[in-house]
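Have a look at the structure below before the remarks.
The values are calculated or read from the model by the stated rules, or taken from the named source; none is laboratory data. In this text the structure is predicted, and so the values were computed from the model without any measurement. Methodologically, a virtual Cβ is constructed for each residue, glycine included, from the backbone with ideal geometry; neighbour enumeration extends over all protein chains shown. For the accessible areas, the whole protein counts, side chains as well, though only heavy atoms, and no ligand, DNA or RNA atoms are used. Shrake-Rupley method; radii C 1.70, N 1.55, O 1.52, S 1.80 Å.
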Amino acid sequence: WLVLWMSFFFFVAIVALVSVHCRKHNLLPGLSDKAWTVQIRAVYLLAGCNWGIAACWLVPIGNQDQALVVTSIVFAAVTLAVPCIVYRAAFNLFQLPIFLGVAAGFALSPFQYSMLLTTGSLLMAVCAILISNALGDQLLAALRLSIDNKELAKRLEQRSAELEAANRELLIENSTDALTSVSNRRSLMTFARALRGNHAIILADIDHFKSYNDTFGHAEGDACLIAVAETLKMSVRPDLDMIARLGGEEFVVVLTETCEERAILVAESIRRSVSKLFDAARVRRKVTISMGVSATTGSPRKTLSMMMEEADAALYQA
């Protein structure tokens, strides 16, 4: 009989473990929530009846010491199942048969205080149900709050990432020329305010661009601006220098840590590269570019406004 009882106990335990595993990994997609609820409650009820029958059977046939051991083991089973109290119905289906089995065992026993022990077991059953209901509500509320907090934290993290991406896009839009993807005037002013040491600027203007636009149309004119902007970017150091579009067909190149001689060499390199755009089939006809150079040489130190005026005068002369 003990072997039979233990075999049934392990059978119920294995059924419970397999059921939870299948539920967790969705191995039984056809099992509805209602069917799962019925199944798990049946498992708890079978387990509780198994323990209760054992108590009802073993307590009366042993002496008082043996009855104490059996009762302790049975109540330990209830204690170990306390984490399942969030499933109040299942937990009550488990513990109630156990307490009733202990009470029946004491009622059938020949012990001196059997009725008192029976009454105590029944009272414990009532108290356990009341406590499990109250504690189960609190634990369930805490569990739901924890899940809600995790979902909220996840949504906030996702929202933060979206805002960060939107801020990056907004920063790029505010600092970049939409057509040519080089810096705009606002970004140029920010960059210029941080300049230290020797630097130079090159003002560049596409020659006869209005004629190009009128001849080939605005779409081809935009393509020409993009080609020139890309040529400017390839002619400077991306980590130190800046290319910006002032408007229309006018660009400015800011060279840091440089002198006037090097700035003139860079300007000449840009002029040659732009003149080769037609040979590379980047533009519809030969395009040239005029430039004016200004550098921070001598004393007193030139301001950005002074350098822009100087470079503009040189550009007009070119």
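Here is how the numbers come out for the structure above:
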read-out: Those residues of region 238-261 which are of a type outside the set (Ser, Thr, Tyr), in contact with a strand residue (DSSP E or B) (Cβ under 8 Å, 6 or more places away or on another chain) and closer than 20 Å to Thr297 by Cβ, in sequence order; value: Leu240, Asp241, Met242, Val252, Val253, Val254, Leu255, Glu257, Cys259, Glu260
read-out: Options Thr258, Thr296, Thr231: the member that is hydroxyl-bearing (Ser, Thr, Tyr), open to solvent by less than 40 Å² (accessible area, probe 1.4 Å) and closer than 19 Å to Asp177 by Cβ; value: Thr231
read-out: Residue in region 294-315 that is under 40 Å from the mean Cα position of the chain (by Cα) and of a type in the set (Val, Ile, Thr) present; value: no
read-out: Region 177-214, subset hydroxyl-bearing (Ser, Thr, Tyr) and out of contact with any Gly (no Cβ under 9 Å at 6 or more places or on another chain), residue farthest from Arg271 (Cα to Cα); value: Thr190
read-out: Qualifying residue in region 34-41 (condition: open to solvent by less than 40 Å² (accessible area, probe 1.4 Å) and among the hydroxyl-bearing types (Ser, Thr, Tyr)); value: no
read-out: Cβ-Cβ under 6 Å pairs, at least 6 apart or on other chains, region 274-299 side modelled with pLDDT under 95, far side part of a loop (DSSP other than H, G, I, E, B) and of a type in the set (S, T, N, Q); value: Ser275/Thr288; Thr296/Asn198
read-out: Close pairs from region 183-196: first under 18 Å from Glu169 (Cβ atoms), partner of a type in the set (Gly, Ala, Ser) and surrounded by 17 or more Cβ atoms within 10 Å (Cβ to Cβ), Cβ under 6 Å, at least 6 apart; value: Ser183/Ala244
read-out: Helices (runs of 4 or more DSSP H) completely within region 84-196 that count 2 or more residues being modelled with pLDDT of 85 or more and closer than 30 Å to Asp33 by Cα; value: 88-108, 114-175
read-out: Strands (runs of 3 or more DSSP E) lying entirely in region 210-318 (those with 3 or more residues that are out of contact with any Asp or Glu (no Cβ under 8 Å at 6 or more places or on another chain)); value: 242-247
read-out: Options Ile98, Ile73: the member that is touching a Phe, Trp or Tyr at 6+ places or on another chain (Cβ under 7 Å) and within 29 Å of Ala134 (Cα to Cα); value: Ile98
read-out: Members of region 2-58 that are under 30 Å from Ala107 (Cα atoms) and without any contact (Cβ under 8 Å) to a residue 24 or more places away in the chain; value: Leu2, Val3, Leu4, Met6, Ser7, Phe10, Phe11, Ala42
read-out: Residue count, region 264-293 (criterion: of a type in the set (Ser, Thr, Tyr), farther than 16 Å from Leu315 by Cα and open to solvent by less than 30 Å² (accessible area, probe 1.4 Å)); value: 1
read-out: Candidates Phe9, Phe75 - the one that is modelled with pLDDT under 85, in a helix (DSSP H, G or I), open to solvent by less than 80 Å² (accessible area, probe 1.4 Å) and not charged (D, E, K, R); value: Phe9
read-out: Residue match in region 211-220 (condition: hydroxyl-bearing (Ser, Thr, Tyr), open to solvent by 30 Å² or more (accessible area, probe 1.4 Å) and in contact (Cβ under 8 Å) with a residue 12 or more places away in the chain); value: yes
read-out: Residue match in region 159-168 (condition: open to solvent by 90 Å² or more (accessible area, probe 1.4 Å), of a type outside the set (Lys, Arg) and either out of contact with any strand residue (DSSP E or B) (no Cβ under 8 Å at 6 or more places or on another chain) or in contact (Cβ under 8 Å) with a residue 60 or more places away in the chain (or both)); value: yes
read-out: Matching residues in region 82-103 - criterion: being surrounded by 18 or more Cβ atoms within 10 Å (Cβ to Cβ) and free of Cβ contacts under 8 Å to residues at least 24 places away in the same chain; value: Ala103
read-out: Any hit, region 252-263, residues being without any contact (Cβ under 8 Å) to a residue 60 or more places away in the chain and more than 20 Å from Arg185 (Cα to Cα); value: yes
